[in-house]
Amino acid sequence: MPEGIFKIYCLSEMAVTVEFGQRIAPNLLHAVNSLNALLYGQPFPGFHTTVPAYSTLTVFYDPVLVMKSDLPGADCFEKVSGYLNNLSPRKKTAKPITGDTVTIPVCYGGVFGPDLVEVADLHQISTTEVIKLHSAVTYEVYMIGFIPGFAYLGGMDERLSTPRKVTPRKSVPAGAVGLAGLQTGVYPLESPGGWQIIGQTPLRLFDLNRREPSLLKPGDTVIFKAIDIKEFNQLTTG
Amino acid sequence: MRIRILKPGLMSTIQDLGRYQFISQAVPVSGAMDRLSARMANKALDNRDNAAVIEFTYADAAFIAETDLLISYAGDGSILTSGEHQLPAGRPLFIPSGTIIKLTNTLSGSRIYLAVAGGWDVPEVLGSKSTYLAAGFGGLDGRALQRGDILKNEQRLTDSTKRILKSLKGDKVNYPRWSIAGQSFLPADRKTIRVVRGNEFDWFDGLSITIFLSTSYVIGRQSNRMGYHLEGANLARLKKGELLSSAVVPGTIQVTGSGNMVLLMADCQTTGGYPRIAQVAAVDMPLCAQLKPGDSFFFKEISRHEAEMLYIEREQQLQQLTIAVQSKFL
């Protein structure tokens, strides 16, 4: 599907979803982020917020304010859909969105990465190679979902593809770096989890005291950097 | 105004109308499960609709007035009593200092909302006072209420709230003859939940759709503020493909890989990857909030346009109600 072609469906009385396709692809991610930026630049009356995902942008609004607006249409869905259709990046007015590059220091193995040895054994490589493969590539943030501040990252080396743990852990600490299938990610909060934990970052992926609590946002580039336990402790106390 | 919790009940949390600002960062909306009742409790005091209330689940709770109080409650599942005296819902209630108020369970419904003049005073976290238990923030220290907790009201009251207080104040429990009729907003049939087709409605075969819209479903045991598991006939999929995760909201009905249905509620995740057969009409979410494990009900399909119009209509009625309460105390 070429960039900029989308369909719009109703999610609820206060939200519509703009769907650019049904696969994970850079041009679709770009289309989602472009429309998001465009909409925030030119919001319609009653516009609330958005939730960007792999290939969709969901737009939330206050139905009472949308109904009061001059937008053409018999109901909110028609009014908002009409507005979004005219905002389409087909017009090529949107500048490409470039995210930030975020380096995430990770202390791999040991108490911080209880599954590192298991992952290495499974792939019949050394733990050093696992760390190298994991920290050698750059990742892109596809979307934030699951739990507050959790980033779905794309770009992992296929050689690290690892099945989830047979029995999920009751508790995984905040900052734990895990693998599941072709995905890798960082747990922002302590929670139950079935991912293979290979390390931990001292960074807070979700922090209520920041203006934007989530460290990452869609479109950001992520780099994992191996650190030792001394640096980990310095970063934690500092 | 100040209360102390003597008995917290099974699950009692501070909630407002939700936390919308950070859903793009996967922070759930949260807020009162039954927003209509939360608003009713606030309206009876001429509070802002969004003022923080206590959500009591299956009640069996008690608190003591440590000062004179002006409170009100709405919802289902329990009644407030002071000694032998039943206190009516949907009205401002003046409670003198030292009174012990009990919440006694009733057979129907599961959640009531306790409002206080000005709203309960807890810090705003990410733009809302709602408790989100899974991540431990919002409300009172991000947790459910416990025995011994002290809760205060916000000092700033509207002029009509002040007038209500003045008219009822005395040395015993007092309330006006009028009440705001919360139940009149809800259909007489509480066992039919209206739904709009979800985006993946066509992924299910004709027989499954017929079953979905004609047989009863039961709220499963594994049901909480995040979602309800629905017990009943499993649904067969016509289309087998995978769905990429995208936004879901409270009221979304997802069908899992094994054909079971999950109705998402206030604390649900912000994104999901299961096909969505339907979306509960927003005006019927208060009915869902009052269902409890073991309750059975039916789904009925309405159009997207009808659901929208019902929503707009209810908002207009609620607006008129605020004006009506204010006009009683001009």
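Listed values, structure above:
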| quantity | calculated |
| --- | --- |
| Helix-only [θ]222 nm of chain B, DSSP H runs n ≥ 4, -39500 (n - 2.57) each, per residue, nearest 500 | -5500 deg cm²/dmol |
| Globularity index of the range B:192-311, i.e. its alpha-carbon radius of gyration over 2.2 N^0.38 Å | 0.97 |
| Ellipticity estimate at 222 nm from DSSP helix runs (n ≥ 4, -39,500 (n - 2.57)) divided over chain A, nearest 500 | -7500 deg cm²/dmol |
| Peptide B:304-315 - average C-beta neighbours from other chains (10 Å radius) | 5 |
| Difference of contour (0.36 nm per residue) and Cα-Cα distance, B:Thr192 to B:Thr215 | 7.2 nm |
| Residue order, fewest to most beta carbons within 10 Å, for A:Phe206, B:Phe204 | B:Phe204, A:Phe206 |
| Radius of gyration, Dmax [chain A; alpha carbons; angstrom] | 20.4, 64 |
| Simple label model, 7 Å out from Cα along Cβ direction - A:Val64 to A:Lys7, nm | 3.4 nm |
| Cα-centre dipole for the range B:2-183 with unit charges at Cβ (Lys and Arg positive, Asp and Glu negative), debye to 20 | 300 debye |
| Cα point-scatterer Debye curve for the range A:101-237, base-10 log of I(q)/I(0) at q = 0.10 Å⁻¹ | -0.28 |
| Range of Cα positions in the range A:9-54 per principal axis (Å), largest first | 31, 24, 12 |
| Test item: B:121-127 mean partner chain Cβ contacts at 10 Å | 1 |
| Kirkwood hydrodynamic radius over Cα pairs of chain B, then Stokes diffusion coefficient at 25 °C and 0.890 mPa s, in µm²/s | 120 µm²/s |
| Whole-number percent relative contact order across chain B, with pairs defined as alpha carbons under 8 Å at least 6 apart | 20 percent |
| P(r) weight above 13 Å for the range B:259-299, C-alpha pairs, percent | 63 percent |
| In nm, spacing of pseudo-spin labels at B:Gln155 and A:Thr167 (7 Å Cα→C-beta vector) | 5.5 nm |
| Alpha-carbon Rg with Dmax, taken over the protein assembly as shown, Å | 25.2, 80 |
| Cα-only Debye scattering, the range B:251-330: base-10 log of I(q)/I(0) at q = 0.14, 0.15, 0.19, 0.22 Å⁻¹ | -0.63, -0.70, -0.96, -1.14 |
| Values of log10 I(q)/I(0), in the order q = 0.23, 0.24, 0.32 Å⁻¹, for the range A:155-194 under a Debye, Cα-only, solvent-free model | -0.74, -0.79, -1.07 |
| Ratio Rg/Rh, restricted to the range B:1-153 and using Cα atoms, in which Rh is the Kirkwood radius | 0.95 |
| Dipole in debye (nearest 20) - chain A, about Cα centre, beta carbon charges: Lys, Arg +1; Asp, Glu -1 | 220 debye |
| Rg ratio (alpha-carbon, reference 2.2 N^0.38 Å) - the range A:166-228 | 1.16 |
| Sites A:Leu208 and A:Asp100, calculated FRET efficiency, Cβ-Cβ separation with R0 22 Å, nearest 0.05 | 0.60 |
| Paramagnetic label zone (point 7 Å from Cα along Cα-to-C-beta, B:Ser97; backbone N under 19 Å) in the range B:170-205 | B:170-174 |
| For the range A:99-107, 3J(HN,Hα) per residue [Karplus equation, 6.51 cos²θ - 1.76 cosθ + 1.60, θ = phi - 60°, Hz, x = Gly/Pro] | x, 8, 9, 10, 9, 10, x, 10, 8 |
| Highest-MSF residue in chain A out of A:Asn85, A:Asn209, A:Asn27 [GNM, Cα springs under 10 Å] | A:Asn209 |
| Label point at B:Ala324 placed 7 Å out along Cα→Cβ; residues across the range B:268-298 whose backbone nitrogen lies under 20 Å | B:283-284, B:286-287 |
| Packing rank of A:75-81, A:133-139, A:33-39, where each peptide gets the mean count of other beta carbons within 10 Å, highest leading | A:75-81, A:33-39, A:133-139 |
| Between the range A:138-190 and the range B:273-297, the alpha-carbon center distance in angstrom | 31 Å |
| Computed FRET value (nearest 0.05) for B:Asp202 with B:Thr81, which takes r as the C-beta separation and R₀ as 41 Å | 0.20 |
| Unit charges on C-beta of K, R, D, E only; dipole of the range A:7-91, Debye | 320 debye |
| Cα convex hull volume per residue for the range A:7-91 (Å³) | 81 Å³ |
| Label point 7 Å beyond Cα of B:Glu315 along Cβ direction - residues of the range A:33-69 with amide nitrogen under 17 Å | A:44-50, A:59-69 |
| In sequence order, calculated HN-Hα J values of the range B:53-63 (Karplus, 6.51, -1.76, 1.60; Hz; x Gly/Pro) | 10, 9, 9, 9, 9, 6, 4, 6, 10, 7, 8 |
| Likely footprinting exposure, B:Trp178, B:Trp120, fewest C-beta neighbours within 10 Å first | B:Trp178, B:Trp120 |
| Dimensions (Å) - the range B:93-192, Cα atoms, principal axes, largest first | 43, 41, 27 |
| Candidates B:Pro92, B:Pro187, B:Pro286, ranked by Gaussian network fluctuation over chain B, Cα under 10 Å, top entry | B:Pro187 |
| Residue order, fewest to most surrounding Cβ atoms within 10 angstrom, among A:Thr237, B:Thr104, A:Thr201 | A:Thr237, B:Thr104, A:Thr201 |
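No value in this document is a laboratory result; all are computed from the given coordinates. Fair warning: this is a prediction, and the values are worked out from it, not measured in the lab. Reconstructed Cβ throughout: ideal geometry from the backbone, glycine too, with neighbour counts over all protein chains shown.
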